[in-house]
Amino acid sequence: MDLQEIVDDIARILDASATLEDRTFQLLAYAAQSGDIDTVRRESILRRRASDEVRAYFEGYGIASAAGPVRIPADEGLGVLARVCVPLRHREVTYGYLWLLDSGRLSDQRLASVSSLVGRAAAVLAQEARSRQDLGARLRDLLSGDSEVRASAGLEITGPVAAIAVQASGRVVPLWTLPRGVLADAGDPLTAVLAPAAQARAVAIRVQAMYGTAAGIGGARDDQAEAWRSWREATLALRAAQRVPRFAPVAAWADLGVHRLLVRLSGTELADLAAEAGALDGELARTVETYLDRGGQARETAAWLGVHRQTLYYRLAKAERVTGLDLADGESRLLLHLGLKAAELLRAPAGPRVTERGRS
């Protein structure tokens, strides 16, 4: 019996509108409407998941750790009708939720009448979670740079997909709570994730938050045979996320611009390039980089730095003297600009980010 059949049977027995979601509030199955419908149920069916505001409201009733049905009152402001949430627990782990709109007829006795079906749904979700963990273990092979290893992975994935590289932090994180269709394999120093391309950024943000570190997203690939290229891009994008503040904490390969070239360079090559800007102190380096980032527009640069234009001209002239480079020459500007960007990538990777829950 699959999840849709289980939900249909529960709705028929209880004569109540029923939906089934995984722990991330992604809709997995729903029964035909019976009686009233509220905004939350309608949006869940149309958008396949609940909004963050609604999720917070429901989670505030302790549904993630509840051992049995939780009665949730109506909230007119959120468009929520009264409902019962039945956590789908298997071996003391919550894998999803069964939602039942309640007009006051769902007594404890009636809810108990579908307990076997609830247990079956929880077991199905638990089995799916275990299967995903098994697939995740083979993900590293699929992302390998060795074609023979990739061929041995034995995975069939429908594209387009994008790889995500996340810096590990020593935390044990619940990767199994990621949406269906996402494969993940925890690792040290990097956790590997493969997600449908349309969900990649949202998934990357979520996993990065779990670890409290940084993440990189590779480019989308239609063919799973090319997923390893996306993984390579993801690891390079992670490098930018760790060292370049404006890309942190989640960097996408497609957004890196010239950094797509720089992150491919070795430390020695970056150091050689950075040497061109090595004579600039902190203030001069910031001034020149801002000036070059803004295409040599003096007025805009001065405004951004909060200085008078004469001060800007003085600093630029000093930079020319100490570097021996002419900022009026295009190639000199390019060399100095790349040198400043290279110096940024030579910085030590940022440590784990501090979150509201404490230090990582």
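The values are calculated or read from the model by the stated rules, or taken from the named source; none is laboratory data. The structure displayed is predicted, hence computed values, not measured ones. Virtual Cβ from ideal backbone geometry, glycine too; neighbours counted across all protein chains shown. These accessible areas exclude ligands, DNA and RNA; they are computed on the full protein's heavy atoms, side chains included. Shrake-Rupley method; radii C 1.70, N 1.55, O 1.52, S 1.80 Å.
Is it fair to say Thr235 is among the hydroxyl-bearing types (Ser, Thr, Tyr), out of contact with any Cys (no Cβ under 6 Å at 6 or more places or on another chain), more than 27 Å from Arg321 (Cα to Cα) and in a helix (DSSP H, G or I)? Yes, satisfied.
Among the residues making up region 92-143, those that are of a type in the set (A, V, I, L, M), under 24 Å from Gln26 (Cβ atoms) and under 22 Å from the mean Cα position of the chain (by Cα) are Ala129, Leu135, Ala137, Leu139, Leu142. Condition check for Val322 on (1) in a loop (DSSP other than H, G, I, E, B); (2) out of contact with any Ser or Thr (no Cβ under 7 Å at 6 or more places or on another chain): one failure, at (1). Across region 70-89, the number of residues qualifying as more than 14 Å from Gly104 (Cα to Cα) and open to solvent by 40 Å² or more (accessible area, probe 1.4 Å) comes to 4.
Filter region 59-69 down to residues that are open to solvent by less than 60 Å² (accessible area, probe 1.4 Å) and out of contact with any Phe, Trp or Tyr (no Cβ under 8 Å at 6 or more places or on another chain) and give me whichever is nearest to Arg110 (Cα to Cα).
The initial filter retains those residues of region 59-69 that are open to solvent by less than 60 Å² (accessible area, probe 1.4 Å), namely 62-64, 66, 68.
Retained after the next criterion (residues that are out of contact with any Phe, Trp or Tyr (no Cβ under 8 Å at 6 or more places or on another chain)): 62, 64, 66, 68.
On the way: Gly62: 22, Ala64: 22, Ala66: 19, Gly68: 14 Å.
Ranking the qualifying residues of region 59-69, first place goes to Gly68.
Do we find a residue being of a type in the set (Gly, Ala, Ser), surrounded by 12 or more Cβ atoms within 10 Å (Cβ to Cβ) and in a helix (DSSP H, G or I) anywhere in region 308-317? No. Residues of region 148-162 that are among the aliphatic types (A, V, I, L, M) and in a helix (DSSP H, G or I): Val149, Ala151.
I'm trying to understand the selection: among the residues of region 256-270, which are open to solvent by less than 90 Å² (accessible area, probe 1.4 Å) and either of a type in the set (Lys, Arg) or assigned to a loop (DSSP other than H, G, I, E, B) (or both)? Correct list: Leu256, Gly257, Val258, Val263, Leu265, Ser266.
Please tell me if Tyr97 is aromatic (Phe, Trp, Tyr), part of a loop (DSSP other than H, G, I, E, B) and farther than 17 Å from Asp15 by Cβ.
Answer is no for this residue.
Note on region 111-140: residues that are touching a Pro at 6+ places or on another chain (Cβ under 7 Å) and either under 14 Å from Leu3 (Cα atoms) or surrounded by fewer than 15 Cβ atoms within 10 Å (Cβ to Cβ) (or both) total 0. Name every residue in region 141-170 that is under 10 Å from Trp228 (Cα atoms) and open to solvent by 40 Å² or more (accessible area, probe 1.4 Å), in order of residue number. Matches in region 141-170: Asp141, Gly145, Asp146, Ser147, Arg150.
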